[in-house]
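Quick notes on the structure that follows.
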Amino acid sequence: MKMYILIKDNVPDKLVPVITAHASLSCYLKFETDENMRKWISGIFKKVVCVVNEAEFENFKNEENHIVLTESSLDHREVCIAFCPREEYPKKFKFLKMWTPQNI
């Protein structure tokens, strides 16, 4: 069981840790009564942070049980989607690229 967090590829690296932390908490608060969330929070809360482009971001907004986050320091643009944890995700999630900092 894991939570997927998708971050747009144009978000500055320095903001990603804070945005994903907020995403995880926001997702928990939105779905705290969901059976999958309760199971996830009572175990090892695995999270997968992936990077997506604008088109992919818009496509993933059509999936169920998610929350979209905006960032005030980026003119309140949508920057992240967090999905309520579950055992199985649609196949397209398996092809996502893991986020890694670009400015190493």
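Could you size up the charge dipole of region 2-98 around its Cα centre, putting +1 on the beta carbon of Lys and Arg and -1 on that of Asp and Glu, and report it in debye to the nearest 20?
Values: 15 positive and 15 negative charges, 82 e Å.
Charge dipole of region 2-98: 400 debye, to the nearest 20.
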(message) Less than 15 Å Cβ to Cβ from V16, Lys/Arg counted +1 and Asp/Glu -1: what total charge do the surrounding residues give?
(response) +1
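Please state the relative contact order of region 2-98 as a whole percent: Cα pairs under 8 Å, 6+ residues apart?
Details: 137 pairs, mean separation 42.5, N = 97.
It comes to 44 percent, rounded to a whole number.
Treat the count of other C-beta atoms within 10 Å as a stand-in for reagent exposure and order M98, M1, M37 from fewest to most. Present the calculation step by step, with values, prior to reporting the outcome.
Working: M98 8, M1 15, M37 22.
Ranked by crowding around the Cβ, least crowded first: M98, M1, M37.
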(message) Can you tell me the orientation of helix 16-31 relative to the chain, as the angle in degrees between its alpha-carbon axis and the longest Cα principal axis, to the nearest 10?
(response) 30 degrees
(message) Order these by the 10 Å Cβ neighbour count, fewest first: E58, E88.
(response) E88, E58
(request) Distance between Cα centroids, region 77-104 to region 26-74: provide it in whole Å. (result) 9 Å
(request) Quick one: give the max-minus-min coordinate of the C-alpha atoms of the chain along each principal axis, largest first, in Å. (result) 36, 27, 27
(request) Net charge near E56: determine it from the other residues with C-beta under 13 Å of the C-beta of E56, scoring Lys and Arg +1 and Asp and Glu -1. (result) -1
(request) For the chain, set up a Gaussian network in which alpha carbons nearer than 10 Å are linked by springs, and say which option among D75, D34, D13 fluctuates the most. (result) D75
(request) For S72 and K14, calculate 0.36 nm times their separation in residues minus their Cα-Cα distance, and state this gained length in nm to one decimal. (result) 19.4 nm
(request) Name the residue, out of V18, V49, V68, whose mean-square fluctuation peaks in a Gaussian network model built on the chain with Cα pairs under 10 Å. (result) V18
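Net charge within 9 Å of V68 by Cβ-Cβ distance, Lys/Arg positive one each and Asp/Glu negative one each, not counting V68 itself? Could the numbers behind the result be given before it?
Numbers: positive: K61; negative: E78.
Charge balance near V68 sits at 0.
Please say if region 1-40 is rounded, prolate or oblate, where rounded means a/c under 1.5 for a ≥ b ≥ c the square roots of the C-alpha gyration tensor eigenvalues, and otherwise the choice is prolate for a/b larger than b/c and oblate otherwise? Before the final figure, lay out each step's value.
Numbers: a/c = 3.38, a/b = 2.44, b/c = 1.39.
Here region 1-40 falls in the prolate category.
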(message) Using the basic label-point model (7 angstrom from Cα toward the beta carbon), what is the F95 to H22 distance in nanometres?
(response) 3.1 nm
(request) Give me the percent of DSSP beta bridges within region 2-98 that run antiparallel, rounded to the nearest 5. (result) 65 percent
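We did not get these values from a lab; they are worked out from the coordinates using the rules stated. Remember, it's a predicted structure, so these values are computed and weren't measured experimentally. All Cβ positions, even for glycine, are placed from backbone atoms using ideal geometry, and neighbour counts span all protein chains on display.
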